[in-house]
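Just below is one structure, and these are the notes that go with it.
The values are calculated or read from the model by the stated rules, or taken from the named source; none is laboratory data. This structure is a prediction, so every number in the text was calculated from the model and none was measured. FYI the Cβ positions are ideal-geometry reconstructions off the backbone, even for glycines, and counts take in every protein chain you see.
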Ligand code: SF4
């Protein structure tokens with residue numbers, strides 16, 4: 001989906017790479033690179049949730065952090081559609097960028113390349129993309145009250161006065177299902193689920209159009225996970241926000257994502273509409289992840305595919321298809337040649353040499 005041709009696309013990531021240098025010795029000489037993200041491309045439509053799934057170390061969190069520009073990517077484009085009605089800050093920034101007519105050509109029409117923005121210019125755009133973190137215990141400063149935590153982005157990005165800030169924070173807390181009377185309490189007075197709600201209120205403060213949710217329910221009890229997921233869905237329906245929902249297994253994203261991308265060792269190996277990916281996976285890695293998704297039909301016996309070994313070291317990935325040492329279908333060609341990306345007309349794509357030969361097992365989803 002090309003952001004320049006399709007006005008429903010809010011974010012398009014093209015060939016994103018984040019390589020971290022490995023330094024050794026007295027002079028910290030660069031002896032190699034960890035290829036945490038190695039040529040990732042996907043898009044997110046307005047009001048859509050895209051699930052980004054893979055085991056620990058596959059690069060999904062690094063990709064999310066590049067998108068919010070916590071990291072400056074090594075290569076690639078992060079194209080984001082500007083809002084039709086610009087805020088005052090955004091209007092000033094646009095004038096600033098246009099007056100400089102930047103050599104890096106970060107803007108093209110109403111699309112801006114986040115990857116090329118300099119730190120000075122990032123401030124106004126950062127409010128458009130926010131992040132919710134995995135661990136609600138460590139992501140909130142224990143020495144700040146809820147009022148301070150939730151209002152911090154407003155203090156940085158707006159000129160709201162103290163009384164206005166309190167009203168705004170009270171509205172945000174109500175929106176996420178917390179009582180405004182608690183705004184003067186500290187995070188340790190709240191449960192894990194409530195802390196995650198505080199994190200969501202903070203992320204909503206600046207009316208972002210995209211939220212990168214980095215495993216937002218992984219650290220929570222199963223009983224609380226559904227409540228937080230429901231809250232995110234309700235907020236999406238009300239505010240039209242888009243989510244990039246990062247998770248380590250497919251059962252979490254099943255009910256929230258319209259489309260799902262599966263990542264392995266810094267690359268996307270399969271991307272499709274959710275139902276298609278769950279019912280008829282095209283990549284053996286997706287099939288293995290799906291075999292761990294609990295079945296809703298107790299009579300249906302499914303084989304659990306146990307992946308042996310860990311995700312290989314991203315500084316020294318296997319040759320050919322990086323999944324070949326763990327793939328039950330691997331053939332000689334898989335060790336030698338990188339599989340091409342093959343996509344059908346309905347947008348279901350996978351990178352596997354045997355994509356047209358294998359008949360893989362999925363799960364039944366509603
Ligand atoms: Fe398995 Fe080969 Fe496909 Fe890689 S290309 S997933 S090793 S069958």
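The table for this structure:
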{"quantity": "Residues (assigned to a loop (DSSP other than H, G, I, E, B), at pLDDT 85 or above and away from the ligand (no atom under 14 Å from the Cβ)) located in the stretch 250-291", "calculated": "256, 257, 258, 266, 280, 291"}
{"quantity": "Filter result for residue 249 (more than 22 Å from residue 41 (Cβ to Cβ), under 14 Å from the mean Cα position of the chain (by Cα) and surrounded by fewer than 20 Cβ atoms within 10 Å (Cβ to Cβ))", "calculated": "yes"}
{"quantity": "Selection status of residue 342, touching a strand residue (DSSP E or B) at 6+ places or on another chain (Cβ under 9 Å) and either touching a residue at least 12 places away in the same chain (Cβ under 8 Å) or in a strand (DSSP E or B) (or both)", "calculated": "yes"}
{"quantity": "Flag for residue 328 being within 11 Å of the ligand (Cβ to nearest atom), loosely packed, with under 12 Cβ neighbours inside 10 Å and either under 29 Å from the mean Cα position of the chain (by Cα) or assigned to a loop (DSSP other than H, G, I, E, B) (or both)", "calculated": "yes"}
{"quantity": "Selection within the stretch 111-163 - closer than 24 Å to residue 189 by Cα, crowded, with 18+ Cβ neighbours inside 10 Å and in contact (Cβ under 8 Å) with a residue 60 or more places away in the chain", "calculated": "131, 132, 133, 134, 136, 139"}
{"quantity": "In the stretch 1-41, the residues that are at positive phi and surrounded by 19 or more Cβ atoms within 10 Å (Cβ to Cβ)", "calculated": "none"}
{"quantity": "Among the residues listed as 303, 357, the single one being in a loop (DSSP other than H, G, I, E, B), loosely packed, with under 14 Cβ neighbours inside 10 Å and within 9 Å of the ligand (Cβ to nearest atom)", "calculated": "357"}
{"quantity": "Test: residue in the stretch 101-115 that is assigned to a loop (DSSP other than H, G, I, E, B) and either under 17 Å from residue 200 (Cβ atoms) or at pLDDT 60 or above (or both)", "calculated": "yes"}
{"quantity": "Residue 224, sole failed condition from (1) touching a helix residue (DSSP H, G or I) at 6+ places or on another chain (Cβ under 9 Å); (2) touching a residue at least 24 places away in the same chain (Cβ under 8 Å); (3) within 11 Å of the ligand (Cβ to nearest atom); (4) part of a helix (DSSP H, G or I)", "calculated": "(3)"}
{"quantity": "Filter pass, residue 37 being part of a strand (DSSP E or B), over 18 Å from residue 286 (Cα atoms) and free of Cβ contacts under 8 Å to residues at least 24 places away in the same chain", "calculated": "no"}
{"quantity": "Selection count, the stretch 306-325, where residues are more than 16 Å from the ligand (Cβ to nearest atom), surrounded by fewer than 21 Cβ atoms within 10 Å (Cβ to Cβ) and at pLDDT 85 or above", "calculated": "3"}
{"quantity": "Filter pass, residue 296 being at pLDDT below 90, touching a helix residue (DSSP H, G or I) at 6+ places or on another chain (Cβ under 7 Å) and surrounded by fewer than 19 Cβ atoms within 10 Å (Cβ to Cβ)", "calculated": "no"}
{"quantity": "Qualifying positions in the stretch 335-350 - surrounded by 13 or more Cβ atoms within 10 Å (Cβ to Cβ), within 11 Å of the ligand (Cβ to nearest atom) and closer than 15 Å to residue 282 by Cβ", "calculated": "339, 342, 350"}
{"quantity": "The listed residue being touching a helix residue (DSSP H, G or I) at 6+ places or on another chain (Cβ under 9 Å), over 23 Å from residue 253 (Cβ atoms) and at pLDDT 95 or above, out of 154, 173", "calculated": "173"}
{"quantity": "Conditions (1) closer than 13 Å to residue 49 by Cα; (2) in contact with a helix residue (DSSP H, G or I) (Cβ under 9 Å, 6 or more places away or on another chain); (3) assigned to a helix (DSSP H, G or I); number of the one not met by residue 244", "calculated": "(3)"}
